[in-house]
Structure formats: C-alpha cells, structure tokens
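See below for the structure under consideration.
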Amino acid sequence: MANNQVKSRRRFLTDAALLTGGIFVASGLKPLGALLYATERKNPNGPWYGMGIDLEKCIGCGRCADACKSENDVPREPFFFRTWVEQYTILNDGSMKITSPNGGIDGFKQEYPDEEIFKSFFVPKMCNHCVKSPCTQVCPVGAAFESPEGISLIDPNYCIGCGYCVQACPYGCRYIHPTRKVVDKCTMCYHRITKGLLPACVEVCPTGVKIFGDLNDPKSDLVRFKKEHSWQVLKPHMNTEPKVYYNGLRAEVR
Amino acid sequence: MNPHFLHLYDMLSKVDGFIYPNEIELQWGILIVLYPYITGLVAGAFILASLERVFKVKVLRPTYTVALLTALAFLLVATLPLISHLSKPMRFYEIMITPHFTSAMAIFGFIYLWYLMVVLLLEIWFDYRRDLVLWSQEKAGIMKRVYKILTLGVTDISPKALKWDDKFGYAITVIGIPSAFLLHGYVGFIFGSVKANPWWSTVLMPVIFIFSAMVSGIALVMFVYMMVNYIRKKMIDMICLDSIAKYLLVALILDFVLEGLDQVHRIYEAEESFQILDLLVKGKLNYTLFLFQWGLGMLIPILILGYLQMFRSNARLRRILYLGSSLLVLIGIFFMRWNVVIGGQLFSKSLYGFTTFKLNLIGPEGSLMAAVWLVVPFLILAFLFWLLPPWKRHPEGGT
Amino acid sequence: MPPQIKRLALLFALFIGLFLVVRHFLVPKSFGEFGHYRGLSLVENQAKTPKYAGEKACADCHQDISDLKSPNEHKSLSCETCHGPGLEHINSTDSIITVRVPKGREFCGMCHAKNAARKADNVVQINVADHNVGQNCTECHNPHSPWLTIK
C-alpha cells in the first residue's frame, strides 16, 4: 500500500515538474508573443503604403471613379469598378437607401426632399490593400499577391480565373475582367506610385478626400491623418487589417 | 453592344436593395454546384464499399464492386466541370505546379490525384488483379492486349500473391476512408473558410458536406445496383438492398440533424448577417431549400425509409419505394449544393440587398452542359461494366 | 517484396519523376523570388503607361491659367479633375491631342448641384433646375476663377 502511495506521489511530482517546466519554456518562445500584436508594420527598409479617406470632405462628384476608369482602362459598363462611390440616405422614418449609380461616375441626384432626410453622405470605396488579405490567402496558384510595399496586386498572366478571390474579398472590390478573362481590381495605381506619382483618384479629387501616403514615414500626410482623426476601417471584425483608413465612417456603412 | 452586357443590364434592373457594383454577376454557377455534387457521390459510394471491406458488413458484398466502379466513373468526370468553368482553362496546370498552400483550392490537384491513383485505381486493381490475369490468358486479339496492359505485367496469381492482394486492398481501403473524407471535406472547407460570406462561413460546413456526400453516394449505389440488376434481368439481393436502405436512413437522419443544427444555431445567435439570410431563405431560396432540399430530398425519404424499417412489406413495394427514395435523395442533395453555392452569392456582402441569377439552357454554364456532365459518368460506368464485369468474375479457388 | 508492389513502386516512381521534370520546365523562372508569385509580375504591374500627368505638369505650358486658379476656390482642383487625363496631350508633338473641355450644366452640377449629402463648407451649391436655366455655367463663371465675372 505504502509503495503505491510513493509511486503515485512520484508520478504527481514528475507531472507537475514537467508542466511547470513546459510553461516556462513556452513563455520564452518569442514567436508566440508576436501573434498577439494587432498591426504589424512591414517593409522596414522601404515604403508601406496606405490610403486615408476623409468622409467629412467627400461631395460625391465621382471624379475619382471616372479618373480610375480612364487611367486603368477599366471597361466603362456599370458592372466593373476598381473604385466607386456610394451614397447613403437615412430618412426621418429610420429607413435607409444606398445607391451607387454607375459607381457615382455620372454624379448623384437627390431622390428625397430635404425635409424627409435625416442624414445623407457619400462613401468612396476601393481595394483596402489589407495586411492580411483573404484574397491572397485563397488564390490557389499565386496570382494574387502583396507587393513588398504592401500593395495587393494581381498577376494577369498567371491568373486562372477561378474566382475564389472574388468570393473571399469582404469588400466586393474584385471583378473578372470581361475581355481579359482574369481578375482585376484597384492596384493603388502601382504603375504611378512607383514612379513618384499619385494614384489617379487622389490626383483628381477636388476636395482632398483621398490622402495617399507611406505609413513608414512619420512625416507623411497619411500618418498625420491617422494621428489627427479617429479613423476607422471597414469590417474590422473580419481582421483583414485594411490599410484604407476612413475619417467620419458611420455605423451604417458596410 | 456585347450581348453579355445586355444580360447584365437586365440583371441590374432586377437588383433588390443595394449591392456592391461588382457583385452584379454570380461568379460560381451551376458547374461549381456540380463539382461538390460529383465528388460527394464519389466519396459516399466509396464509404459504402469500405463498409463491406473494412467493417466486414458482409451483406453488402453484392454492391462492393458496383460501388467502386461507380465511384471511379464519377471521379473521372469530377474535374471537368471545374476546369471548364475557369475563365482561363488552359492554365489549369498551374494548380499542380505552384499550389498556394494557404488556399484550400490548391490542394485540389493533389487530393484528386491521390484519391484517383492511390486509392480508387489501386483498390480496384488489387480486387480485380486475379481476374485481369485470367482474362488476359483467356481472351484473344485486342482484348487480350488490353487486359495484359491492365495487369501491369504482373502475372503471379499464386495463393501467396493473392493473399498480398487482399492485404494491400484492405490497407488501401483503410487509407481510403479518411482520403474520401478529405476529398470531399476540403470542398466543404473551401466554402466554410470564406469569412467574407456568412452563408458559407461555418465550422459545420465540411461536416455537412461529408454527411450529405455519404447520403448521396449511398443513394447512388442503391440506384445503380437496382438499375443494373433490372437491365440484366437478375434477382436483387433484398437482404443487401434492405441493408443499404438502413444505412441510407441513418445517414439521412444524421445529415438532417447537422443541417438543422446549423440553421437553429444561425437563427438563435441571429448575428449581423441574420436579417439578409432570413430574407434569402424565405425569398429566393424558398422553393429550392424548403421544398426540394428538405421536403422532397430529406423528409419524405426519411419517412418512407423509416416506415419500411418499422413495418413489413412485400419485396416489390420495397423495391419501388427504394428506387423512388434514392432518386429523391439524389435530387435533394443536388439542391443542397445549389442552395449553398448559388444561395451564397445571391445576397450582397454589404448585407443590404440581392442580385439575381438566371440559369441558361445552352452555353458553357447552361443546364444542358450540366446535364452532359451528369450523364457522361453513367456512360463511363457502362464502359467499366463492360471492361470489368463484376458478374463475370472467376470463382474462388479455380484458375 | 511481392511482385505487385515492386511493379507499382516502379510505376509510381516513374510518374512522380516525370511530374517533377515537367514541373521544372513549366514553373515560370521568376516564381518565388519575393513570395508565392511571379517576381516578374511586379515589373509588369509597374510598366503600364500613366495617363494622368499631375497638376504641376500642366503649369509648364499653361502657367497663366495656373496662376489664375491658384488663389481662388478652385485651387484644390487639379486641372485634370475637369479636363481628364493629360499625359497624352503633353507628350503629343506633331499633332496636338486635345484634352476634354467639359460642356454643359450637368458637368458643373456634378459637384455644385444641391444635395443634402454635400456639406456647404465643402462646396458651394445651387439648384440646377432653378439657377439661370438655359444658360451655360461658363457664360457667367470663369471655370478657372469662378467669381471673376458675375453679371
């Protein structure tokens, strides 16, 4: 009997020692700690691009959507957009109407008389160039990827057109090009920003809604934007870590 | 104007509520509905076969080879709707040479090849090897050559070699069971892991897919077995058929419970997407979900099969009811895939509106094309029955 | 080893070997340089020709208009906001390719039409249906200096 007691005591002590030792070792494992940090800054030796969108200033003129289609040869039909503008109109009775006629390219018409409207506003949308983009995650061949500067890009010469990335994007910013038959989407005008130019939508905005910048540069307009405004991103619960930051984003916007 | 755009303008006028402008056209149509349907049939038929081999359910012996050959016939067709759906089909090989392992879709090529070559073909080969050798000796002309090739040059059919065949066949079947789950489970995961789509994104998706696969596979084997015996004017082994019906009933009940759990959970939690999904289910999916998937495809077969399990009836009535039930189940599971794939794309990811879907008759994504993909496996099966007739096997012990 | 296994092992080895050889030739050369994608695609994505020139580029030839515009309310508008992409125009030497000159009330209305969603702070608004119907906006307003001539 005493022998069994000694045995089980020994076993208990060994188990306890192993457990404690294991916890000590695990706590020293740095990689586990890294998983807990929310926003990683990547590309420390180069730019890490993002975009600010100031909804307080947007007047829904649609010049950004129009310029994007011109700059990037996007088909002009109202079914394919790299960027678009939405109008939200909340009426006094609580109902809400959201429209995006031709993506906002032809402008917006007010559909309800002033006295019925509780609140109305415009929301430009674009690819959010997520840090943890689900589109990159689900591409089966490696045609959707993130550039070293953090721009989510597409390789049209490798895309097989399976459409999985279109399904996986929570923001609806991807589409299959009707003639090229591969996926297309906002590239943050990669061909411009790598030449020191601004994206086309930023270039033409009359009220300075769009702020393009380098998140790694503490003096950039975008970093200042993030400091001065309490910014929000779209669908934060998806944890895609978008790099498009909105000022004045209201809860109705999805 | 491009006629394709005319179709889109028409859809634009039928949008209900608000959708993101890019969401007007559904990316995944009937071909993508077919793919999980066909791989589900394969996985389910294989599991039925493995019941006999691994779990020693001897009464199912008459359907063992039928199930395997059915699985093979459908597996050979499985990739075709997928590849023909790609908008750049000639680049399909990229999945095999640079698979992106964070994507569930990327493992498709390897799982498919693994299941085809290591599981199905090998198991059939080990099972048929003795007959292949004997046929290669008995036949003449081209067929002799064909069977010789199929033996892969191995002509040893001594009892020792045959014992190895049995051992390896058994091992392959054992590996085949999780492989079948993987073959179809990953398809469920393709949908279940898309966090952007609340109709698809659920932990239960791979599980539901697997169980509905088993249901459809068992129903298919039941249907094929009955049809083959009817065509060949042979007696149906009723004990075997009753047993299959029992497994079908159990699988149906399990599948029903799982799908019910998914819905109850969704209704109870009523999280952000609930309003739009509620509208979806009661509106656009009203008939395909309640009537076809659950009503005709599940409840009625459960009632029929349950009745037949509990009360005695003559063999002829049972055969008619089994045939009817298996057809209803096959149709119901097709609609389950439809409701998942099409249903998931009908509502906007903004959760503020719906787009429309029109199934064309002709065209690469039309219903005629889908019918072709469903008929071709039966043609292949007929060919396999001719090449490897399960009823002309050489009896044990002889040469 | 039983003869079946030897034969199968051989066939599988051949198949896998063939696959690896074919794969070696099919995988694009630049694949995997920076990540799971064709490294060359970064270059291809950069290689497109821009269409918008940027505000400063217009001033090189049109300094007078730029000077006219810079002190007033339209200073925040790039030339190309209204005139569209200008790089082709700048680069065209033999026969000048013109930029778009907006015409009609609708165009100015895209910004200036009264809309409950537009803040008065951001943009001056008029009711396009009432405001001097039948006349072009440019008859009273110089687009590069909107308050310059008001009848």
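The values are calculated or read from the model by the stated rules, or taken from the named source; none is laboratory data. Small disclaimer: the values here were computed from a predicted structure and weren't measured. Positions of Cβ are backbone-derived with ideal geometry, glycine not excepted, and every protein chain shown enters the neighbour counts. These accessible areas exclude ligands, DNA and RNA; they are computed on the full protein's heavy atoms, side chains included. Shrake-Rupley method; radii C 1.70, N 1.55, O 1.52, S 1.80 Å.
Scanning the range B:259-278 for residues that are surrounded by fewer than 18 Cβ atoms within 10 Å (Cβ to Cβ) and assigned to a helix (DSSP H, G or I) turns up B:Gly260, B:Leu261, B:Asp262, B:Gln263, B:Val264, B:His265, B:Ile267, B:Tyr268, B:Glu269, B:Phe274, B:Gln275, B:Asp278.
On the stretch given as the range C:115-128, residues that are more than 7 Å from every other protein chain (Cβ to nearest Cβ) and either out of contact with any helix residue (DSSP H, G or I) (no Cβ under 7 Å at 6 or more places or on another chain) or of a type in the set (Ser, Thr, Tyr) (or both) total 4. Just one of (1) in the same structural domain as A:Ser230 (by TED's automatic domain parsing); (2) of a type in the set (Val, Ile, Thr); (3) over 21 Å from the mean Cα position of the chain (by Cα) fails for A:Thr89. It is (1). Among the residues of the range C:5-58, write down those that are at the interface with chain A (Cβ under 8 Å from one of its Cβ atoms), under 30 Å from C:Ile97 (Cβ atoms) and assigned to a helix (DSSP H, G or I). The answer is C:Glu44, C:Asn45, C:Gln46, C:Glu55. Within the range B:225-236, one or more residues are open to solvent by 60 Å² or more (accessible area, probe 1.4 Å) and farther than 24 Å from B:Leu72 by Cβ. I'd like to check something: does the range B:44-64 contain any residue that is open to solvent by less than 10 Å² (accessible area, probe 1.4 Å) and either at the interface with another protein chain (Cβ under 9 Å from one of its Cβ atoms) or in a loop (DSSP other than H, G, I, E, B) (or both)? Checked the range B:44-64: no residue is open to solvent by less than 10 Å² (accessible area, probe 1.4 Å) and either at the interface with another protein chain (Cβ under 9 Å from one of its Cβ atoms) or in a loop (DSSP other than H, G, I, E, B) (or both). I'd like the full set of residues that are away from chain C (no Cβ under 12 Å), basic (Lys, Arg) and assigned to a helix (DSSP H, G or I), limited to the range B:119-158. Result: B:Lys144, B:Arg145, B:Lys148. Scoring A:Tyr88 on the criteria (1) closer than 25 Å to B:Phe189 by Cα; (2) within 13 Å of chain B (Cβ to nearest Cβ) leaves a single failure, condition (1).
Here's the yes/no breakdown for (1) in a helix (DSSP H, G or I); (2) more than 30 Å from A:Gly107 (Cβ to Cβ); (3) touching a strand residue (DSSP E or B) at 6+ places or on another chain (Cβ under 6 Å):
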| site | (1), (2), (3) |
| --- | --- |
| A:Pro218 | no, yes, no |
| A:Leu222 | yes, no, yes |
| A:Lys227 | yes, yes, no |
| A:Val253 | no, no, yes |
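The strands (runs of 3 or more DSSP E) found wholly in the range A:70-164 and carrying at least 2 residues that are open to solvent by less than 10 Å² (accessible area, probe 1.4 Å) occupy A:83-91, A:117-126, A:144-146, A:152-154. Identify all residues within the range A:173-216 that are within 12 Å of chain C (Cβ to nearest Cβ), of a type in the set (Val, Ile, Thr) and not in a loop (DSSP other than H, G, I, E, B); write none if there are none. Hits for the range A:173-216 are A:Ile193, A:Val202, A:Val204.
Scanning the range C:64-85 turns up no residue that is closer than 30 Å to A:Pro148 by Cβ, within 11 Å of chain A (Cβ to nearest Cβ) and open to solvent by 90 Å² or more (accessible area, probe 1.4 Å). Among the residues of the range B:100-118, those identified as open to solvent by 10 Å² or more (accessible area, probe 1.4 Å) and within 14 Å of chain A (Cβ to nearest Cβ) are B:His100, B:Phe101, B:Thr102, B:Ala104, B:Met105, B:Ile107, B:Phe108, B:Phe110, B:Ile111, B:Tyr112.
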